[in-house]
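So the structure is just underneath, and the comments pick up after that.
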Amino acid sequence: MDTVSKFENLINILIQQTNSNTIRWNIGIPPKNLSYGTDDFFPLFLYTEYQSQSLGLYLRRYRYYHDESEYSWCEDTVFCIIKDDYIVYKYEKNSPALLDLFDKASQQVSGIDNLFK
Amino acid sequence: MSFISLAISIFLFLEARKIYKLFIGKARIPEINKSLKKIYPDVSEKMNDFENNKEYIFTEFLNAKSLVESLEKKLTEDSHKKKCRNFVLMFTTKKYFFYYRKKIEFTDKESWLLLRELSALVVTLSELEKDLKWK
């Protein structure tokens, strides 16, 4: 199994578990090794425990430079594995499953379902 | 002498075909990728209530299949073609040795598997798209 398949598999499982509310996502503060020494901004950082392993999901807003001075703002969704408050692996591919997981997780955190009870 | 000219003709014919394929890929692969990307959230949204949305989900899967089939013809590298082939083969069941049957009904679990493959395919295509910019 190559890296993409492995992560796609994991993300797929997480989507199903998020759908059935077996795992709960929480809002967290981005670890220091992510946010220090960079101009990037992290609008939302979510984390969860899955099989006693911390997994994170966050948005990264950054400047995309077209040339030396002109830039536009871009946003990426990134999936990461956290160990002892360090992000050890980042999966930042243009994957629809990843976008969907972020959508589902943020929906769960927002508590929209509770409003209809 | 005529043998040499024949060889050159064949060589040029193959070159022209390569260029044609490259251009059609450059134009079409990003478009197809975009359509495939759209299918994922649509289906995933309906997966919560799988039993009631079966028809919709299967139709979307068939759309994805035909998109991937058309994509396969436009690719030049074998490794990418193989990935497309594998996806298309998920829509068949092996009956006997060389006899395959079409499959249009899936279970809940199989649908998630298909979605996973679809997403992995889009990741590969996105990387390919970046490569195409430099060709």
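The values are calculated or read from the model by the stated rules, or taken from the named source; none is laboratory data. All values reported here derive from a predicted model rather than from experimental measurement. No Cβ is skipped: glycine too gets one built from the backbone with ideal geometry, and neighbour counts run over all protein chains shown. Areas reflect the complete protein model, heavy atoms only, side chains present, ligands, DNA and RNA absent. Shrake-Rupley method; radii C 1.70, N 1.55, O 1.52, S 1.80 Å.
Numbers at a glance
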{"read-out": "Where B:P41 falls short, out of the listed (1) open to solvent by less than 70 Å² (accessible area, probe 1.4 Å); (2) outside any helix (DSSP H, G or I)", "value": "(2)"}
{"read-out": "Selection from the range B:57-81 of residues that are under 9 Å from the mean Cα position of the chain (by Cα), of a type in the set (D, E, K, R) and surrounded by fewer than 16 Cβ atoms within 10 Å (Cβ to Cβ)", "value": "B:E69, B:K73, B:K81"}
{"read-out": "Total residues in the range A:49-69, condition assigned to a loop (DSSP other than H, G, I, E, B), open to solvent by 100 Å² or more (accessible area, probe 1.4 Å) and at negative phi", "value": "2"}
{"read-out": "Within the range A:64-102, considering residues that are touching a residue at least 60 places away in the same chain (Cβ under 8 Å) and hydrophobic (A, V, I, L, M, F, W, C), the one nearest to the other protein chains (Cβ to nearest Cβ)", "value": "A:A97"}
{"read-out": "Test: B:K34 is of a type outside the set (A, V, I, L, M, F, W, C), closer than 20 Å to B:D131 by Cβ and either modelled with pLDDT under 85 or assigned to a loop (DSSP other than H, G, I, E, B) (or both)", "value": "no"}
{"read-out": "The listed residue being farther than 30 Å from A:S20 by Cβ, open to solvent by 50 Å² or more (accessible area, probe 1.4 Å) and at pLDDT below 90, out of B:K54, B:K21", "value": "B:K21"}
